[in-house]
Amino acid sequence: MPSPHTLFALLPLALLMIGTAQAQECERGALDAIYCDENGDMVADRPADEAEWADPDTLIFAYTPVEDPAIYSDIWQPFIDHLEEVTERDVRFFAVQSNSAQVEAMRSGRLHIAGFSTGPTPFAVNLAGAVPFALMGSDDGRFGYTLQLYTHVDSGIDEVTDLKGKRVAHTSPTSNSGNQAPRALFPELGIVPDEDYEVVYSGSHDQSMLGVVARDYDAAPVASEVVERMAARGLYDPDDVRLLYESDSFPTTSYNYAHNLHPELVEKIEEAFFSFEFEGTELGEEFEGVEKFIPINYAEHWKVIRTIQNANGVEYTPDNLQ
């Protein structure tokens, strides 16, 4: 029998369509047909029928796909231990292989709590019934990351417009800083992706940055928080690259629970997140400058991301989730 980890990786995209025949007659906005949004907060309502509330003995938690999942499994362990203590449940960490696999897992009921990357968060909300409730931030409530555009220090590229005719690494189609934001923001800087330069999808921010260092790509738009952690781990030398552009701040990875979880369990999950102390843990060391989880809501804090995606004509469908 395949392991749960394997099942996460092998979940077919068709799972996202399961249940659409059971469409409900209700207000839902952009949500999939199996969800309702009667209160207009842009996330799926908890099922009205208490028999449909999920109250599992074992909670499954997944962090956004990363280049080295084994490292992050260890990094998240202090939080997993805390989550187990507060919820009085077993908690298992699974390293998902892609954004689509992560969304599919929550849609199918296999994933209860998850950190979704900035760009894929609206897909998780609309296709999987994810409810964003927290972000990593500082004690004074600040949070966010920027889109940074890097080139090799010896590339001869000094300005954004110098990218014309070049080969530039974007990460993946649904990534905010790695694809959607550059497509929305770069034209104002005088450069149009796919028209003025060739877009090559690297698969991740890590690979984009390492490709710039190795000169496989002429440049790459990446998330500041990712490349800062890479530099801290010695994965590249900051002196090998040059920063060409930096955007205003975007929200970071959202932390979500599945919309159908029992309300008493949701209270415990939120308590675990908001009472966790980063200082002195591997998680705190990895996410330097982060001091706590702070409460957020999707309608307000993801407005800028939805605006960027709308400018790019993004529709929240399974076919567009990559």
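The values are calculated or read from the model by the stated rules, or taken from the named source; none is laboratory data. Everything quoted here is computed from the prediction, not taken from an experiment. Virtual Cβ from ideal backbone geometry, glycine too; neighbours counted across all protein chains shown.
Is it the case that some residue within the stretch 275-294 is within 16 Å of Thr174 (Cα to Cα) and out of contact with any Gly (no Cβ under 9 Å at 6 or more places or on another chain)? Step through it out loud before you land on a result.
At the first step, the residues of the stretch 275-294 found to be within 16 Å of Thr174 (Cα to Cα) are none.
The answer is no, given that none of the residues of the stretch 275-294 is within 16 Å of Thr174 (Cα to Cα) and out of contact with any Gly (no Cβ under 9 Å at 6 or more places or on another chain).
Identify, from the list Glu277, Glu282, the residue that is at pLDDT 90 or above and touching a strand residue (DSSP E or B) at 6+ places or on another chain (Cβ under 9 Å). If you could, list the steps in order and put the result at the bottom.
Values: Glu282 fails: touching a strand residue (DSSP E or B) at 6+ places or on another chain (Cβ under 9 Å).
Residue meeting the stated conditions: Glu277.
In this structure, is Gly211 more than 16 Å from Lys166 (Cβ to Cβ) and under 22 Å from the mean Cα position of the chain (by Cα)? The answer is no for Gly211.
Only one of the numbered conditions (1) among the charged types (D, E, K, R); (2) surrounded by 14 or more Cβ atoms within 10 Å (Cβ to Cβ); (3) modelled with pLDDT under 95; (4) under 30 Å from Phe186 (Cβ atoms) is not met by Asp216, and that is (3).
Note on the stretch 24-83: residues that are hydrophobic (A, V, I, L, M, F, W, C) and within 30 Å of Glu279 (Cα to Cα) total 12. Pairing each residue of the stretch 292-306 that is surrounded by fewer than 17 Cβ atoms within 10 Å (Cβ to Cβ) with any residue that is acidic (Asp, Glu), provided the two are 6+ apart or on different chains, yields C-beta distances under 6 Å for Ala299/Asp41.
State all residues of the stretch 43-76 that are in a loop (DSSP other than H, G, I, E, B) and polar (S, T, N, Q); if no residue qualifies, say none. Quick ask: steps written out before the conclusion?
As a first pass, look at the stretch 43-76 and keep what is in a loop (DSSP other than H, G, I, E, B): 43-49, 53, 55-57, 63-68, 76.
If the condition is that a residue be in a loop (DSSP other than H, G, I, E, B) and polar (S, T, N, Q), then Thr64 is the only one that fits.
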